[in-house]
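The values are calculated or read from the model by the stated rules, or taken from the named source; none is laboratory data. On a predicted model such as this, the values are computed, not experimentally measured, just so you know. Note: ideal-geometry Cβ built from the backbone for every residue, glycine included; neighbour counts use all protein chains shown.
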Amino acid sequence: MMYYTYMLRCEDNSVYTGITNDVKRRFKEHCSGNGAKYTRSHKPVKIVAVFGSPDIESAATLEYYIKALPKTDKEYIIQSKSINILKYVVDTEKYQYEGEFIDGYS
């Protein structure tokens, strides 16, 4: 089963990062108020980046390191569509950029 680390743009221009095995379903949950505590008070408006991982551990590791970054570095990941900024802490070859949205959800 594939797992994904995803980044959402919120109404206040903040960036939320999470993991899931179904990005479309998880985005709907965030939008309906049934997602993470953060997205209940920072309404998500768009999926801005999705990275595929071979397993849940890899997805969680990537999420951890992205969340630890300053916002400028998160914006760099979104703009560059690459996690090479993290090459010294994660094996970037494990992850595949999947796009800005999945099945029309953006």
Any chance you could count how many residues in the range 82-97 are touching a Leu at 6+ places or on another chain (Cβ under 9 Å) and within 14 Å of residue 54 (Cβ to Cβ)?
-> 4
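Condition (residue is free of Cβ contacts under 8 Å to residues at least 24 places away in the same chain and among the hydrophobic types (A, V, I, L, M, F, W, C)) applied to the range 46-64: is it met by at least one residue?
no
Residue by residue, here is whether (1) of a type in the set (Gly, Ala, Ser); (2) out of contact with any strand residue (DSSP E or B) (no Cβ under 6 Å at 6 or more places or on another chain); (3) buried (at least 16 other Cβ atoms within 10 Å of the Cβ) holds:
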{"residue": "5", "(1), (2), (3)": "no, no, yes"}
{"residue": "11", "(1), (2), (3)": "no, no, no"}
{"residue": "22", "(1), (2), (3)": "no, yes, no"}
{"residue": "25", "(1), (2), (3)": "no, yes, no"}
{"residue": "34", "(1), (2), (3)": "no, yes, no"}
{"residue": "44", "(1), (2), (3)": "no, no, yes"}
{"residue": "53", "(1), (2), (3)": "yes, no, yes"}
{"residue": "67", "(1), (2), (3)": "no, no, no"}
{"residue": "80", "(1), (2), (3)": "yes, yes, no"}
Listed by range, strands (runs of 3 or more DSSP E) wholly within the chain having at least 2 residues that are of a type in the set (S, T, N, Q) are 15-20
Being modelled with pLDDT under 95 and surrounded by 13 or more Cβ atoms within 10 Å (Cβ to Cβ) narrows 100, 75 down to just 100
Log entry, pairs with first residue in the range 4-19 being farther than 18 Å from residue 95 by Cβ, second being among the hydroxyl-bearing types (Ser, Thr, Tyr) and in a strand (DSSP E or B), beta carbons closer than 8 Å, six or more apart or on different chains, reads 10/16
Would the range 28-45 turn up any residue that is touching a residue at least 12 places away in the same chain (Cβ under 8 Å) and within 10 Å of the chain's Cα centre (by Cα)?
-> no
